[in-house]
Amino acid sequence: MINELGHFALILAFAVAIVQAIVPLVGAHKGWRGWMAVGEPAATAQFLLIAVSFAAITYAFVVSDFSVKLVWANSHTDKPMLYKVTGVWGNHEGSMLLWVLILALFGAAAAWFGGALPPRLRARVLSVQAWIGVAFLGFIIFTSNPFLRLAEPPFNGEGMNPLLQDPGLAFHPPFLYLGYVGLSMAFSFAVAALIEGRVDAAWARWVRPWTLAAWIFLTIGIALGSWWAYYELGWGGFWFWDPVENASFMPWLLAAALLHSAIVVEKREALKSWTILLAIMAFGFSLIGTFIVRSGVITSVHSFASDPQRGIFILAILAIFVGGALTMYAFRATSMQAKGVFSMVSRETALVVNNILLAVAALVVFVGTVWPLVAEMFFGRKLSVGAPFFDQAFTPFMVILALILPVGAMMPWKRARLGRVAKPLIPALVLALAMGGLAWSVESGNSMLALIAVFLGSWLVFGAATELWQRAARNFGRLKRLPRADWGKATAHAGLGITFIGIGLLTAGQIEDIRVAKLNEPFTVDGYQITLTKVEEVKGPNYMSSTGTMTVEKDGKLIGTMHPEKRVYPVQRMPTTEAAIHTTPLGDIYLVIGDPQQDGGYAVRTYIKPFADWIWAGAIIMSLGGLLSLSDRRYRVAAGARKTRAVPSNATPAE
C-alpha cells in the first residue's frame, strides 16, 4: 500500500509540475496576478508530493520489502541500517528520485523566500524550474520507475555494491546533487531574465545566493568523493581525472566563475551577457554530468547505469533546455547593454581575467573528458586521456589564477594603480617566497613542484590576510566589524591556497613501497619500521575480513598499531580493500594488505603521504568561506530596496 501511495504521489507531482510550468508563465505574460500566484503553492505541493514518494521508497528499503524490484536489486537483510537508507540513492532510479526531490526543494525555497522578487520575475523563475521538473519526473515515470514490483518476491536481495557501503560515499551523492541541482536556480533566473529582456544589479543580487549555495554543496560533495577514493579504493590517490569526477568538477569551475561575474553585474552593471551565459552553461554541464553517469557512453567506475535509451532521453533534455536557452540568449544578448565603464587596470578587469581562466580550464577538462568518445565515433580509434594530459593542460590556468587572485581582490572598482595595489602585498609575497624556499630545501632541491605549489598556496593565504587587514584600515578593532561577505571571500581564497599546498607537497613528496611482508619480519620505509604481527579472519555484518595487525615505529618509538583489511562480501562475491591510515598534521602513513603469497607472507603496499589531509582541510575551509558569505545580511535582504522604488508610469501593475 505504501509503495502504491509513493508511486501515485510521484505521478501527481508530475501533474502539479505541468500546472506550475504553464500557468505562472502565461500569467506573467498577460499580467494576471492570480495566475502568477499559482506558482508558489504549486511549488510547495510538488515538493511535498515528491517527498512522500521518496519517503515511501526509503521505507521499502528500511523494512527490506523485496517485492519492490529496486530494493531487491540494491539491498539485503544483513546490510547495516545506514546502508539500507543510503541504498535508496546508491542506484540509478533512487538517485534520480533524490535528484527531483532536491530540484523541487529549490523551487519551493524560491517560492518561500522570494517575496522580494518582482511578481513577474518570480512567476517565470518558478515556471522554468517546473519545466525542468516536468522533464525529469517524466524521465523517472516512463523510463526509471523506482516502484516496479516483482510478481514473486524473493526471500532476500542481491545487496548493494560493496564500494558504496561506506560513510564517506553515503553522504557524497546528496551533497553533489544539492550542488548540481542547485545550479538549476541560476539557470531559471537566467532564462527568466532572457524572457523579460532585463538584467540589472538587483537580478545579480538575487541570483548570487543560489549560485553560492550550489557552489558550497558542490565543494563538499567533490571533497567527500575525493576523500572516499583516497581511503577506500586502496591506491592512495585523491583524484584520477575520471570522467565522472570531471563531470562534477566542470560545473564547480563554472559556478565559481558565475559567482565572480555576478559581482560585476551587481556592483558595476557590466558583464551582463557573459553572466547569463555562465548561468546557462553551469547548469548545462550539470546535465552533461548526469548524461555521462547514466548513459554508459564513457566508461567510468562511478557510472550508475549504461542504458543507451535512458542516455538518449537525458541527451534530449540537455538539448531542449540548454539549446533553447542558448537560442533565446542569441536573440536577447545584444539588448543587455553594459552600463559600467572601467579601465584595463581595475577590479572589473581582474574579474574578467578570473572568468576567462576558469571558463577555459573547464573547457580543457571537457575536451579531455569527451575526446575518447569523439575519437571513437569519428576516427574509429580507441584513446585514453589520462592524468598527464590534464596535469599539463589544466595546471597552467590554475597557476595564473593563483598569481593574480590576491592582486585582483585588492584592486578598487573602475580604475586602479597597480603600484599602489601591489605595495601592501609585498610582505605577503616575501613570506610566500620564503615558504616556497623552505619547501624546496626540505625536498633537497629535487622538486620544483613543491616550491611552486607552496609559494602559490602561501601567496593565496597571506594575500587573503592582507586584504582583510587593508579593508579594516590596518586596525584590529575594525576587523570584527567587516561584512561577513569579506570574511567569507578571504576564507575561501585561503582555503584554496591550503588545497594548493596539500596537492603540491603530496604529489612531490609521496613515497610508495610494494613488497611481500612476512609475519614478525620488520621492514623499513622512509625511516619508519613496519612489522606485520598477525592476520586474522574477522566476521562483519555482511562481509568476511582478513584483518592485519601492523605496528609502526620510528627511532624506537611506537607510532601506532594499524589494521588494514581485505574484505569479501559473499552476496556480491566481491572483494574490497580497507586501507589503514595513521594521520598527523604533516602527513599520513597509509597501509594496504593484499592476498597471501605462496611462499608465505602477504602482499603489502605502504605509502607515505605528506600533507595529504591539507587537501580536504582546504576544501572544508573553502566551504566555510562560502557559508560565511551566504550568512551576510546583504544576501538575506536580497534586493528588498528595489520594492521601495517608484513605479514608472508606463509599467503595468504586475511589475
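Summary of computed values
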{"read-out": "Value at 222 nm in deg cm²/dmol, rounded to 500, when DSSP H runs of n ≥ 4 in the chain each add -39,500 (n - 2.57)", "value": "-21500 deg cm²/dmol"}
{"read-out": "Compactness of region 114-167, expressed as Rg and Dmax over alpha-carbon positions, Å", "value": "19.8, 56"}
{"read-out": "Gap separating the Cα centres of region 604-624 and region 313-372, nearest whole Å", "value": "32 Å"}
{"read-out": "Segments 622-630, 578-586 sorted - mean Cβ within 10 Å per residue, highest first", "value": "622-630, 578-586"}
{"read-out": "Theoretical FRET efficiency, 1/(1+(r/R0)^6), r = Cβ-Cβ of Asn520 and Thr77, R0 56 Å, to 0.05", "value": "0.90"}
{"read-out": "Residue order, fewest to most beta carbons within 10 Å, for Val568, Val23", "value": "Val568, Val23"}
{"read-out": "Net charge over other residues, Cβ less than 13 angstrom from the Cβ of Glu4 (K, R count +1; D, E count -1)", "value": "0"}
{"read-out": "Gln309 versus Thr334: modelled label distance in nm, points set 7 Å from Cα along the beta carbon direction", "value": "4.5 nm"}
{"read-out": "Cα pair distances exceeding 30 angstrom across region 171-416, given as percent", "value": "29 percent"}
{"read-out": "Extended-chain gain in nm, criterion 0.36 nm per residue less alpha-carbon gap, Phe113 and Ala319", "value": "71.1 nm"}
{"read-out": "Cα centroid separation - region 253-287 against region 1-71, whole Å", "value": "30 Å"}
{"read-out": "Exposure proxy ranking, count of Cβ atoms within 10 Å, fewest first, for His92, His29", "value": "His29, His92"}
{"read-out": "Two-site label geometry, Ser343 and Ala51: point separation in nm, points 7 Å out along Cα→Cβ", "value": "5.4 nm"}
{"read-out": "Cβ-derived FRET efficiency at R0 25 Å, Met448 paired with Ala393, nearest 0.05", "value": "0.85"}
{"read-out": "Projected area, mean over directions - region 178-251, Cα convex hull, nm²", "value": "5.5 nm²"}
{"read-out": "Over region 328-375 - Rg/Rh using Cα atoms and the Kirkwood inverse-distance radius", "value": "1.17"}
{"read-out": "Solvent-free Debye scattering, log10 I(q)/I(0), computed from the Cα coordinates of region 511-610 at q = 0.24 Å⁻¹", "value": "-1.29"}
{"read-out": "Debye, to nearest 20: dipole size of the chain, +1 on Lys, Arg Cβ, -1 on Asp, Glu Cβ", "value": "3400 debye"}
{"read-out": "Gained length - Asp595 relative to Trp235, 0.36 nm times residue gap less alpha-carbon distance", "value": "128.1 nm"}
{"read-out": "Dipole-positive endmost among Thr369, Thr547, Asn156 within the chain (Cβ charges, Cα centre)", "value": "Thr369"}
{"read-out": "Between region 85-137 and region 182-233, the alpha-carbon center distance in angstrom", "value": "13 Å"}
{"read-out": "Cα-projected label distance for Ile2 with Ile356, points at 7 Å along beta-carbon direction, nm", "value": "5.8 nm"}
{"read-out": "Rounded to whole Hz, the Karplus (6.51, -1.76, 1.60) HN-Hα couplings of region 6-15, x for glycine and proline", "value": "x, 5, 5, 4, 5, 5, 5, 4, 4, 5"}
{"read-out": "Signed unit charges on C-beta, dipole axis of region 171-416, positive-most listed residue Phe379, Phe285, Leu358", "value": "Leu358"}
{"read-out": "Gain on full stretching of the segment that runs from Ala375 to Ser631 - 0.36 nm per residue minus C-alpha separation", "value": "87.5 nm"}
{"read-out": "Size descriptor, Kirkwood hydrodynamic radius, that averages inverse alpha-carbon separations across the chain, Å", "value": "26.9 Å"}
{"read-out": "Electrostatic dipole magnitude of region 511-610 [Cβ: Lys, Arg +1; Asp, Glu -1; Cα centre; debye, to 20]", "value": "220 debye"}
{"read-out": "Rel. contact order, % - alpha carbon contacts under 8 angstrom, at least six apart, region 511-610", "value": "25 percent"}
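Any read-out appearing in this document is the output of simple, stated calculations on the displayed coordinates, not a laboratory observation. This one's a predicted model, so the numbers in the text were calculated from it and none came from an experiment. Every residue, glycine among them, receives a Cβ derived from its backbone with ideal geometry; neighbour counts consider all protein chains shown.
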